[in-house]
Amino acid sequence: MGAQTVRFLAPEPGGRLDVVIATYLADLSRSQVQKLIRSGSVSVNRLVVKKTGYRLDGGEDLQISIPEPTRTDLQPEAIPIDVVYEDQDLLVINKEPGIVVHPSVGHETGTLVQAVLAHAPDIRGIGDEGRPGVVHRLDKDTSGLIIFAKHDEAHQFLQGQFQERQVKKVYYALTDSNPPTPSGKIDAPIGRDAKHRQKMAVVSQSRGREAVTTYHTHERFLEHSFLEVRPETGRTHQIRVHLSFIDCPIVGDRVYGRSKPTLPAERQLLHAGQLTIRLLGNDQRTKFNSPLPEDFESILKNLRQQ
């Protein structure tokens, strides 16, 4: 397998080369980006640049060559996980922010998959290679409920519900600015951003796939809103893209949010708080809940006190 090449134009007003790339390649850490730069894998206007602090003015043609990770057998890792529910068919986990779901370029170890392998070794071989047991995904910095299947029948049964839009998902988001109406529906197709291929964007119907999100305001502050958000479709980065589209981006979102932090958030304040799904052999739907994590709750508390 060859290297993956990513190309985009540096945004205005530019800045340090490593910071600009790390912002747009959200799956890579800044230290990983710096290694790529030093190894000669980054070019600016078709010239290789090896200085991580190289200053960009904005508008430069950036090209990054990302090598494929070396394939190794997935090794279980004894990383603590918060198990909300477990039976012979599946695991429901309350994911912490900052942990990647499955191995990818730049994240070969320390993933949730490897933690689950240590807890339930039988998931090896279930589903896609490199993503055993994975039914659906959450972004690295999104916290909350995620499901892993323990055998093939459960994997197909659970994935089928996601594909048929039978799973009810409720997220909680803290946003910059307030939405145009207290409650609303965003119906706007999502596809790859033409300028920044690592990003998603609202695009024309011919270039994107249907994407529908509803929201309701739980609390409104002077410059922020605490929203309950329900994605009716399951597009990549859907909630983040849709809220940014209505000029109400998620606090702390480095890719789709404000360029300067408005609150002391270390990550995007998006939490998968509720999941309703049918379990194998059960006609009734089961609802799982996850409370807001401490970092999210703390920032909300400070806003309320103001």
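A short reminder: the numbers here are calculations on the coordinates, not readings from a lab. Being a predicted model, the structure only gives us computed values, none of them experimental. Here the Cβ positions follow ideal geometry from the backbone for every residue, glycine too, while neighbour counts run over all protein chains shown.
General remarks:
- Those residues of segment 128-163 whose amide nitrogen sits under 11 Å from the label point placed on residue 209, 7 Å along Cα→Cβ: 163
- Put in line by how crowded their Cβ is, counting other Cβ atoms within 10 Å and starting with the fewest, 214, 5 read 5, 214.
- Seen from all directions on average, the chain presents a Cα convex hull projection of 16.8 nm².
- Rounded D (µm²/s) - segment 70-164, Kirkwood Rh over Cα pairs, Stokes-Einstein at 37 °C, 0.692 mPa s: 249 µm²/s
- Between residue 200 and 193, the built amide H atoms are under 5 Å apart, and every one of these is 5 or more places off in sequence or on another chain.
- Across segment 190-203, coupling constants 3J(HN,Hα) worked out from phi with the 6.51/-1.76/1.60 Karplus curve, θ = phi - 60°, read 10, x, 5, 5, 5, 8, 10, 5, 7, 9, 9, 7, 6, 10 Hz, and Gly and Pro carry x.
- The fraction of all Cα pairs in segment 128-256 landing in successive 10 Å bins from 0 to the largest distance is 12, 39, 35, 13, 2, given as whole percents.
- Within segment 70-164: Cβ-based charge dipole about Cα centre, in debye rounded to nearest 20 (Lys, Arg +1; Asp, Glu -1): 220 debye
- Using bins of 5 Å that start at zero, the share of Cα-Cα pairs per bin across segment 152-222 amounts to 3, 12, 15, 16, 18, 18, 12, 4, 1, 0, in whole %.
- Computed over the chain, the per-residue total of -39500 (n - 2.57) for DSSP H runs of n ≥ 4 gives a 222 nm mean residue ellipticity of -5500 deg cm²/dmol, rounded to 500.
- Distant-in-sequence amide H partners of residue 66 (H built 1.01 Å from N, under 5 Å): 4, 5, 6
- Listed residue pairs exceeding 29 Å between alpha carbons, taken from 50/95; 185/260; 185/287; 51/260; 95/199: 50/95
- Sequence-ordered 3J(HN,Hα) estimates for segment 37-46 from the Karplus curve with 6.51, -1.76 and 1.60 and θ = phi - 60° stand at 4, 5, 7, x, 8, 10, 10, 10, 6, 6 Hz, glycine and proline given as x.
- For segment 292-306, Karplus couplings with θ = phi - 60° (6.51, -1.76, 1.60), whole Hz, Gly/Pro x: 4, x, 4, 5, 5, 4, 5, 5, 4, 4, 5, 5, 5, 6, 6
- Neighbour counts of C-beta atoms inside 10 Å place 95, 199, 168 in the sequence 168, 199, 95, starting with the fewest.
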